[in-house]
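K.L.:
Take a look at the following structure, please.
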Amino acid sequence: MSGGAGGMSGGAGGGAGPIRVMLVDDQILMREGLRKLLEIEPGIEIATTAGGGEEALAWLAGAVDGERPQVALVDARMPGMDGVELVARLCERFPAVAPVILTTFDDDDYIFGGLRAGAKGYLLKDTPPDELVAAIRRAARGETVLGGAASERLVGLLRAAPAPAARTPQEPPGGLSDREYEIALLIGAGAANREIARRLHITEGTAKNHISSCLRKLGLRDRTQLAVWVSRHVPPDGAR
């Protein structure tokens, strides 16, 4: 698996230590298969495996800071506590752990529920190994990682939403300017830079500058994270 997508040598974001990963799945064959797949990857270390949410939370509660993982791969459908609930509890109690849902289900409830709960990513179990490792590295850096199915569902949902409402006197969310807010809505609807420039009668360079400003103000890394931010923070009718 070494040498594939995402520059897979070294630790998180080029750091000195390995990326520690927790595997949470109720199927022992899947857990052990993932363990064997990942533990041979340079720069990846398996912190622990767990058969369910309660077991994972109990282990984290008893672990010291240096033992805890940076990334948790979490199955969506598990008995007792499903992946969405586990993601929410991880984000609340262990915010330094980046949860990524890894599942066989491309169900809307799991995809959008997981993202709303705070998941850093949503991947299907047929993800190629090199892409999975690259996704782990990106999640450890704080980036959002979405597999093809999740990306398509998210963009489809946002494109199906009503067009943004007319401007109101209220301030845009997140400290954005009016123009940045307009552009964020268009990014959320899946618009490319050329389309944004055409619709707002600005140059592509100006559009890129506004997007960079949006990302900086909101503390986001990329357009995917901005689209997710729009889905979480902007009402369906675009009102403020």
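Readers should treat all values here as calculations from the given coordinates under stated rules, not as data from a laboratory. Computed from a predicted model, the values in this text were never measured in an experiment.
K.L.:
Would you mind checking which residues have amide H under 5 Å from residue 202's amide H? H placed 1.01 Å from N; only 5 or more apart, or other chain.
P.N.:
none
K.L.:
Starting from 0.36 nm per residue, how many nanometres of slack lie between residue 37 and residue 201 once their C-alpha separation is accounted for?
P.N.:
Taking 0.36 nm per residue and subtracting the Cα distance, the gain is 54.0 nm.
K.L.:
I would also like to ask the following. Going Cα to Cα from residue 36, which lysines come in below 20 Å? Please leave out same-chain ones fewer than 8 positions away.
P.N.:
125
K.L.:
Hey, what do the phi angles of region 124-137 turn into as Karplus ³J(HN,Hα) couplings, whole Hz, using 6.51/-1.76/1.60 and θ = phi - 60°, x for Gly and Pro?
P.N.:
Computed from phi, the couplings for region 124-137 are 8, 6, 8, 4, x, x, 5, 5, 5, 5, 4, 5, 4, 5 Hz.
K.L.:
Quick check: residue separation of residue 58 and residue 209 times 0.36 nm, minus the Cα distance between them. What number comes out in nm?
P.N.:
Value of the extension gain: 49.8 nm.
K.L.:
Continuing with this model, one more query. For region 64-80, take each phi angle, set θ = phi - 60°, evaluate the Karplus expression 6.51 cos²θ - 1.76 cosθ + 1.60, and give the result in whole Hz per residue in order, putting x for glycine and proline.
P.N.:
Karplus values, whole Hz, x for Gly and Pro: 7, 3, x, 8, 6, x, 8, 10, 10, 8, 10, 5, 7, 10, 9, x, x.
K.L.:
Name the lysines eligible as straight-distance cross-link partners of residue 208: C-alpha to C-alpha under 29 Å, and not fewer than 8 places from it in the same chain.
P.N.:
Reachable lysines: 120, 217.
K.L.:
Let me ask something additional. Long-range amide H contacts for residue 77: which residues qualify at under 5 Å (H placed 1.01 Å from N, peptide plane, sequence gap of 5 or more or a different chain)?
P.N.:
Placed amide hydrogens put 83 under 5 Å from residue 77.
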